C-alpha cells in the first residue's frame, strides 16, 4: 500500500467564526478518504495559540444540540516549523523542549473570518514552503475585505449592487457627509463589517434612526464598514466553484436561499442554529439561459479575484433578470450539509471526492510565485 499523504487540518482561529470552523473541521475529518490521507489536527484557540489535536478528537467535533464545538485554552501550546525538505512540522512545547514533533505534506485550512481566511495564514504557509488548499494571499485578502472585493469586481466589469465604505474616522468626524452618502443609496441598506463572514455583525437598516445601533454592532467586529443598498425582491442564488485543474473553473448547479420571512435575511442564526428560518433549494430551478448567464458570472468572479481551489459565489437575480454579484467566499462553510458541498453533490461530486479534489489541487500547484 502506498504511503498516505499527511494532511494538516487547520481550524478554529480567533475570529467570531471559531465555532463554525471547528464544526467544519470535524465534518471534513470524518469524510476524508482514509485510504489516501492521514489527518493531523492543527487547532488555533480563540486567544490565538496553536495546539495539536488528535484525529480522533477532530472527528468527534460536531454540533451537540444548540452547542457548537470550541477549542479549550487548557491545551499546551504548539509551534509550526519548516519541514526537513518539503511540507512542514508541528510540535508541542514542553518547557524549553519540543515534543510530539509531527510532519505533514499539505495544509487544509478551514479557518473562517479574519486571521485565517484573509491571507494572513496563507502568507505564513508561503514562507514555510508549505502547500495548502485554497486561494493565495492576495485573493484571500481581497475576498475577505468586502470593500476591496467590490472594487476589484467593478474594475473587472462585473455587475454588483451600489455601496459605500465607511471608516471609523468618517463615522465619528464626518457624520453629516457620511449620512448624505448613505441617503443616496436609499433605504433599506445593509450595514456590514468589511472583513467578516457568516453574516456576523450585519444589520438590515430600514431608516436613518436605526443606523447608530447598526454601526455600533458592526464596529464590534471591524472598524471598517461596508454599507450597501438592499436589492429588493431578488433571488439569492449561489454557485460553488472549483479550480479547473489546468482549464477553466468548474461551476456547480445553482442553489437558492429562500427565507420563510421575506423581510428577514440569511443571518448567523438562520445559517447555523435555527432549522426553520430558511429553505435551501439544491439545486434550484431556473431557465437554462439564465443558468448559463449566472454560471458565467460566477466563473468570471472566481477568475477576476485570482481565486484558487474553491470558492462560493453569491449572486442576486433581480425581478427584471439582471445578475449581480453579492460576494465571493474563498473559504465557504464546508460541513456535509453546507451549501458548497451540497451543490457539488447535486452536480455529481460527493463530499469525500470533493475533499480529495481540493487536496490534489493543492499538491499540484508549485511553490513560490505562480
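The values are calculated or read from the model by the stated rules, or taken from the named source; none is laboratory data. Everything numeric here is computed off the predicted structure, so don't read it as measured data. All Cβ positions, glycine included, derive from the backbone under ideal geometry; neighbour counts span all protein chains shown.
Tell me, yes or no, whether region 299-306 has at least one residue that is modelled with pLDDT of 95 or more and either in the same structural domain as residue 13 (by TED's automatic domain parsing) or outside any helix (DSSP H, G or I) (or both). Before the answer, list the steps.
Kept after step one, since they are modelled with pLDDT of 95 or more, are these residues of region 299-306: 299-306.
Filter once more, keeping what is either in the same structural domain as residue 13 (by TED's automatic domain parsing) or outside any helix (DSSP H, G or I) (or both): 305-306.
Yes: one or more hits.
Evaluate the following for residue 304: is it surrounded by 16 or more Cβ atoms within 10 Å (Cβ to Cβ), in contact with a strand residue (DSSP E or B) (Cβ under 8 Å, 6 or more places away or on another chain) and over 16 Å from residue 107 (Cα atoms)? Criteria not met by residue 304. Within region 332-346, being part of a helix (DSSP H, G or I) and touching a strand residue (DSSP E or B) at 6+ places or on another chain (Cβ under 9 Å) holds for 339, 340, 341, 342, 343, 344, 346. The residues of region 11-38 that are touching a helix residue (DSSP H, G or I) at 6+ places or on another chain (Cβ under 7 Å) and surrounded by 24 or more Cβ atoms within 10 Å (Cβ to Cβ), listed by number, are 11, 12, 13, 20, 25, 28, 29.
Residues of region 39-59 that are in a helix (DSSP H, G or I) and out of contact with any helix residue (DSSP H, G or I) (no Cβ under 7 Å at 6 or more places or on another chain): 56, 57. In this structure, is residue 100 in contact with a helix residue (DSSP H, G or I) (Cβ under 8 Å, 6 or more places away or on another chain) and over 24 Å from residue 363 (Cβ atoms)? No; evaluated as a whole, the condition is false for this residue. Total residues in region 103-124 satisfying the condition of being more than 17 Å from residue 20 (Cβ to Cβ) and in contact with a helix residue (DSSP H, G or I) (Cβ under 9 Å, 6 or more places away or on another chain): the figure is 7.
Restricted to region 200-216, and to residues that are without any contact (Cβ under 8 Å) to a residue 60 or more places away in the chain and outside any helix (DSSP H, G or I), which residue is farthest from residue 170 (Cα to Cα)? Here the answer is 206.
Of the residues making up region 247-260, one or more are surrounded by 13 or more Cβ atoms within 10 Å (Cβ to Cβ), at pLDDT below 95, touching a strand residue (DSSP E or B) at 6+ places or on another chain (Cβ under 8 Å) and farther than 23 Å from residue 349 by Cβ.
Yes/no per residue for (1) closer than 30 Å to residue 202 by Cβ; (2) at pLDDT 95 or above; (3) over 23 Å from the mean Cα position of the chain (by Cα):
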residue: 27; (1), (2), (3): yes, no, no
residue: 49; (1), (2), (3): yes, yes, no
residue: 63; (1), (2), (3): yes, no, no
residue: 86; (1), (2), (3): no, no, yes
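Limited to region 39-50, what total is found for residues that are free of Cβ contacts under 8 Å to residues at least 60 places away in the same chain and surrounded by 14 or more Cβ atoms within 10 Å (Cβ to Cβ)? Final tally of qualifying residues: 7. Tell me yes or no: at least one residue of region 311-331 is modelled with pLDDT of 95 or more, more than 27 Å from residue 189 (Cα to Cα) and not in a strand (DSSP E or B). No, that holds for no residue.
Restricting region 146-194 to residues that are out of contact with any helix residue (DSSP H, G or I) (no Cβ under 9 Å at 6 or more places or on another chain) and in the same structural domain as residue 333 (by TED's automatic domain parsing), the residue that is farthest from residue 123 (Cα to Cα) is 154. Flag: residue 225 matches the condition of being surrounded by 15 or more Cβ atoms within 10 Å (Cβ to Cβ), outside the structural domain of residue 327 (by TED's automatic domain parsing) and touching a residue at least 24 places away in the same chain (Cβ under 8 Å). Within region 127-157, count every residue that is on the phi < 0 side of the Ramachandran plot, surrounded by fewer than 24 Cβ atoms within 10 Å (Cβ to Cβ) and in contact (Cβ under 8 Å) with a residue 24 or more places away in the chain. So the answer is 11.
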